[in-house]
Amino acid sequence: MYSEFMDLFPVNRIKFNEPLKNHTSFAIGGPADLMFIPESIEELRKVIFLCQKQQMKYFILGQGSNILVRDKGIRGVVIKLNNILANITVDKEQITAEAGISISNLAQEAARHELSGLEFAEGIPGSLGGAVVMNAGAYGGEMKNVLLEVTAINKDGNIKKYTPDEMLMTYRKSIFQFNGSIVVSAVIKLQKDKKESIKARMDDYAARRQEKQPLDFPSAGSTFRRPENYFVGPMIEELGLKGFKIGGAQVSAKHAGFIINSGNASARDVLELIAYIQKKVRERYGVELQTEIKVVGEE
Ligand SMILES: Cc1cc2nc3c(=O)[nH]c(=O)nc-3n(C[C@H](O)[C@H](O)[C@H](O)COP(=O)(O)OP(=O)(O)OC[C@H]3O[C@@H](n4cnc5c(N)ncnc54)[C@H](O)[C@@H]3O)c2cc1C
């Protein structure tokens, strides 16, 4: 089934039965049948056409910092867009960047060019593609505010350019979570500012993350979406669940909004802990917590 893959692409970038726990910030997840890391947008398109021709399922992975992969892994092809697909060009106040660049690196590049607007992304451990798809945000900023245009490969393999209005970006949501398109690059519009001021804001955000977030443990960031009129961390803390564990999955003792992998957690442990928290929150507050992290793969 995968022989045409071997003919078309360099074998050193094809991995069979690749453990996804090595590609997720949770350090959890069973194997991908096949993982491929494209080096160019053209190569990415070729993979998509091949998958479609052979009716192979594919899944797009960025830096794996917002997903929980179930214990039996992902069937079909996992296409990983990471730092290889990471070219950028800077033109006055606009940066055009490929989807694989880390969003933190992009924020650093913007600062180097004295461009402000991406400071909020300092410390978000995802790719630009993942940040667009998730409309990532922090400290009052979000991707929605800086995106001028996004180029994506649609399900039919054709390239389409999206305007901000077409991307339907709201809190941690975008059209790309629903239409099966692959984000390949983005044009970001920033403003000129002094390098020192930009750096000072980034340092402040990084320090706040260090102080508040359990960065010493594997996690996928905030487990749940913020419900209207509530804050998730304090709700879970009030329930006395800080530090509560199921198997290796633990409610962080530092920030109750994070579930951490305290060592050898399975996806099942995390899912049981999520269900337990949801039940307790429903009983106490009548609120239905929705996960922010994407749960994928086979149980
Ligand atoms: C310690 C920590 C702190 C975090 N802090 C924040 C924060 O402050 N704010 C915030 O918003 N998030 C935060 N996150 C979550 C996460 O970093 C972001 O959601 C990030 O944008 C995800 O990017 P990724 O490349 O890792 O995506 P992945 O986790 O790889 O993928 C997420 C989803 O997007 C899809 N996807 C990824 N790339 C593409 C693409 N190019 N085209 C189409 N689909 C794609 C995947 O299929 C998946 O459904 C944090 C996570 C951690 C671990």
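The values are calculated or read from the model by the stated rules, or taken from the named source; none is laboratory data. Note that the structure is predicted; figures quoted are calculated from it, not measured. Note that each Cβ is placed from the backbone with ideal geometry, even for glycine, and that neighbours are counted across all protein chains shown.
Counting residues that are within 14 Å of the ligand (Cβ to nearest atom) and buried (at least 19 other Cβ atoms within 10 Å of the Cβ), which strands (runs of 3 or more DSSP E) fully inside the range 14-72 reach at least 2?
Numbers: elements: 14-19, 31-36, 58-61, 67-69.
Ranges flagged: 31-36, 58-61, 67-69.
Would you check which residues across the range 172-191 are loosely packed, with under 12 Cβ neighbours inside 10 Å and farther than 22 Å from Asn82 by Cα and list them?
Residues of the range 172-191 loosely packed, with under 12 Cβ neighbours inside 10 Å: 178, 191.
Selection gives Gln191 alone.
In the range 163-180, which residues are within 12 Å of the ligand (Cβ to nearest atom) and among the hydroxyl-bearing types (Ser, Thr, Tyr)?
Tyr171, Ser174
Being among the basic types (Lys, Arg), surrounded by fewer than 20 Cβ atoms within 10 Å (Cβ to Cβ), without any contact (Cβ under 8 Å) to a residue 40 or more places away in the chain and touching a strand residue (DSSP E or B) at 6+ places or on another chain (Cβ under 6 Å) narrows it down to one of Lys161, Lys144, so name that one. Outline the logic, then answer.
Working: Lys144 fails: touching a strand residue (DSSP E or B) at 6+ places or on another chain (Cβ under 6 Å).
Exactly one of Lys161, Lys144 is among the basic types (Lys, Arg), surrounded by fewer than 20 Cβ atoms within 10 Å (Cβ to Cβ), without any contact (Cβ under 8 Å) to a residue 40 or more places away in the chain and touching a strand residue (DSSP E or B) at 6+ places or on another chain (Cβ under 6 Å), namely Lys161.
Among Glu149, Glu109, which is the only one that is in contact with a Phe, Trp or Tyr (Cβ under 8 Å, 6 or more places away or on another chain) and away from the ligand (no atom under 12 Å from the Cβ)?
Details: Glu109 fails: in contact with a Phe, Trp or Tyr (Cβ under 8 Å, 6 or more places away or on another chain).
The unique qualifying residue is Glu149.
Kindly indicate whether any position in the range 237-251 is closer than 20 Å to Met134 by Cα and either in the same structural domain as Lys72 (by TED's automatic domain parsing) or surrounded by 20 or more Cβ atoms within 10 Å (Cβ to Cβ) (or both).
So the first thing to find is which residues in the range 237-251 are closer than 20 Å to Met134 by Cα, and the list is none.
Scanning the range 237-251, I find no residue that is closer than 20 Å to Met134 by Cα and either in the same structural domain as Lys72 (by TED's automatic domain parsing) or surrounded by 20 or more Cβ atoms within 10 Å (Cβ to Cβ) (or both), so the answer is no.
Of Val232, Val184, which residue is under 25 Å from Gly100 (Cβ atoms), hydrophobic (A, V, I, L, M, F, W, C) and within 14 Å of the ligand (Cβ to nearest atom)?
Working: Val232 fails: under 25 Å from Gly100 (Cβ atoms).
Just one listed residue meets the conditions, Val184.
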